[in-house]
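Reviewing the structure listed below.
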Amino acid sequence: MRETVIIDSGTLSGPVTSNGVRVFKGIPYAAPPVGDLRWRAPQVVKPWSGARVADRFGLRCVQPERPRTAIGYFGPEPEDEDCLYLNVWTAAASQDEKRPVMVWFHGGAYAVGSGALPIFDGEGLARKGVIAVTANYRLGRLGFLSHPDLAREAEYGTSGNYGLLDQIAVLRWVRRNISAFGGDAGRVTIFGQSAGSSSVNTFMASPLARGLFHRAIGQSGGALGWRAMMMRENAESAGVAFAHAIGAPSIAALRARPAREIQLVRPDEGGALRELYDSGDRTAVSRETAWATVDGHVLRARVKDVFERGEQNDVPVLTGATRDEGATLPAVRSLDEFETRARTDLGALASDFLRLYRAADDKEAARNSHTAAGHRNFNWENWLWARLHARTGRSPVFAYHFSRVPPRSPIGATGDLSRDLGAFHTADIPYAFDHLSVRDWPWETADHRLAATMSSYWANFAAHGDPNGEGLPFWPRFNEAGQHVMHLGDEIRAGAVPDTDKLEFWSKVDDHLRGSAKT
């Protein structure tokens, strides 16, 4: 069975699932960003004639392959520089229903990922009464390269952040078209995880995104830390250095290079180009040429500065992180390395760090390096986000702490899960989407109960700006005085924020970094 909808660029034909959810995949929301449109703001889609068959996902952005043993690996995906496509799941029977809309921005450090990954299937949320939207956006250097010549040719006078502009284009598409799917353009929730959560946090501080969304959900990530954003001048200098190093003296020359070369090589000091990731080097692409920036257009100031002034977009917020965020990150190999890195990285604050993350041997050092990395990069960001937004006293804030350890299968087609990862980074996603079947793990009754509850919280928040609803454990608002969070784990209950002493420490570190940069 197939159904059609008419949007501003033409007619779409999509399938209907056995549960009555209409699915439309691979919808172009912007013109292909290729040729002269590489490193330009997204452009209008050329209308098509006839009914466009929308039963396949669009190609993902060019990116490095995840290792087959990675927890986020779901098999190979076709890719191309022509990648600006989105997908819609709706159970609305007519355009008149005006259901709440949830727009998902995937994670992957602005380097990997797509809206087509099976873990982001929107059918479970659609059955909860929302319209679910997922999207691709430009990644890596194709999505974030800055260069003064690109700034000069842009009508808004700056460069970089093309991946964020893509996401804003998705929201503009939703405002124009979502009513055709039975959605309410006046009730749009943006939500994302990791880098996608950083995007959500960024859009709360962006004047370009004002009015395009009405609620915000951030899972395991933010853009508040001093290290979370590049400044335009530094990013453009890095872009010039990159172009010179690969022998492309002009923007025309850069645009003539193959997308995969731009994305996946690193210029060595001697001028040679070295392929990345084939050798397992997954950290070599510089953040300076592939990261979000304070560009004066998408962002006029650092996100934290906007929040501290109370000037962020005033919408209800739901945010949180998992207990073991750092479990999949690299760990130190010895106690000596743990202590040496602390002193090198933290200087005068190292003694406080070593007291809070006390380790007596190599095993404890490795475990605590994971914990500290998770706190610093994720838990602290979401906790601070909740605190700063609650401080305004305007829109409500709801915070959570996810601690359920999924019953993982051993190593196999779904990745290297033989390690003890606990409630790892991304562990909460199948629960929020009510899509446990994405993994062939031995799910238990507690997992199904948590997935049903979490997805209901998410859908209620999208509908009303409040996760609470009939039959659900009561979720209190977060405020700086009480700092209550919802614990989503073996039990579902309200309680205190865990590890506040450690989170306060990372605030001290961030303040120190800011102070050092200004002196």
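Which condition breaks for R52 when tested against (1) outside any loop (DSSP other than H, G, I, E, B); (2) in contact with a Lys or Arg (Cβ under 7 Å, 6 or more places away or on another chain)?
(2)
Output the number of residues of the stretch 89-114 satisfying the condition of being aliphatic (A, V, I, L, M) and either at pLDDT 95 or above or not assigned by TED's automatic domain parsing to the domain that holds L142 (or both).
Qualifying residue count for the region: 5.
From the list E311, E325, which residue is in the same structural domain as M486 (by TED's automatic domain parsing) and acidic (D, E)?
Being in the same structural domain as M486 (by TED's automatic domain parsing) and acidic (D, E) holds for just one of E311, E325, which is E325.
Hey, among Q63, Q43, which residue is in a loop (DSSP other than H, G, I, E, B), modelled with pLDDT of 95 or more and farther than 19 Å from P15 by Cβ?
Just a single option satisfies the conditions, and that option is Q43.
Which pairs have Cβ atoms under 8 Å, sit 6 or more apart or on different chains, and link a residue in the stretch 242-264 that is aromatic (F, W, Y) to one that is surrounded by 21 or more Cβ atoms within 10 Å (Cβ to Cβ)?
Hits for this filter: F242/R141; F242/L145; F242/T289.
Could you name every one of the helices (runs of 4 or more DSSP H) located completely within the stretch 192-304 that has at least 2 residues being at pLDDT 95 or above, hydroxyl-bearing (S, T, Y) and buried (at least 21 other Cβ atoms within 10 Å of the Cβ)?
Of the helices (runs of 4 or more DSSP H) lying wholly inside the stretch 192-304, those with at least 2 residues that are at pLDDT 95 or above, hydroxyl-bearing (S, T, Y) and buried (at least 21 other Cβ atoms within 10 Å of the Cβ) span 195-204.
For (1) more than 25 Å from P316 (Cα to Cα); (2) touching a residue at least 12 places away in the same chain (Cβ under 8 Å); (3) surrounded by 12 or more Cβ atoms within 10 Å (Cβ to Cβ), each residue gets a yes or a no:
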position: P476; (1), (2), (3): no, yes, yes
position: N479; (1), (2), (3): no, yes, yes
position: V485; (1), (2), (3): no, yes, yes
position: L488; (1), (2), (3): no, yes, yes
position: V497; (1), (2), (3): no, yes, yes
position: F505; (1), (2), (3): yes, yes, yes
position: D510; (1), (2), (3): yes, yes, yes
position: S516; (1), (2), (3): yes, no, no
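Do we find a residue being buried (at least 21 other Cβ atoms within 10 Å of the Cβ) and more than 14 Å from G296 (Cα to Cα) anywhere in the stretch 151-162?
No, the stretch 151-162 has no match at all.
If S18 passes every condition in (1) in contact with a strand residue (DSSP E or B) (Cβ under 8 Å, 6 or more places away or on another chain); (2) not in a strand (DSSP E or B) but one, which one does it miss?
Exception for S18: condition (1).
Among the helices (runs of 4 or more DSSP H) lying completely within the stretch 105-186, list those that include at least 3 residues that are within 19 Å of I217 (Cα to Cα).
So the answer is 123-127, 162-177.
For every residue, the table says whether it meets (1) more than 19 Å from A132 (Cα to Cα); (2) among the polar types (S, T, N, Q); (3) out of contact with any helix residue (DSSP H, G or I) (no Cβ under 9 Å at 6 or more places or on another chain); (4) modelled with pLDDT of 95 or more.
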| residue | (1), (2), (3), (4) |
| --- | --- |
| T4 | no, yes, yes, no |
| I7 | no, no, no, yes |
| G20 | no, no, no, no |
| K25 | no, no, yes, yes |
| P47 | yes, no, yes, yes |
| P76 | yes, no, yes, no |
| N87 | no, yes, no, yes |
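Among the residues of the stretch 67-86 satisfying the criterion of being of a type in the set (D, E, K, R) and closer than 21 Å to G35 by Cα, which is surrounded by the fewest Cβ atoms within 10 Å (Cβ to Cβ)?
That would be D80.
How many residues does the stretch 330-357 hold that are in a loop (DSSP other than H, G, I, E, B) and closer than 24 Å to D511 by Cα?
Summing the residues that are in a loop (DSSP other than H, G, I, E, B) and closer than 24 Å to D511 by Cα in the stretch 330-357 gives 1.
The values are calculated or read from the model by the stated rules, or taken from the named source; none is laboratory data. Quick caveat: nothing in here was measured; it's all calculated off a predicted structure. Here the Cβ is made from the backbone with ideal geometry for all residues, glycine too, and neighbour counts use every protein chain on show.
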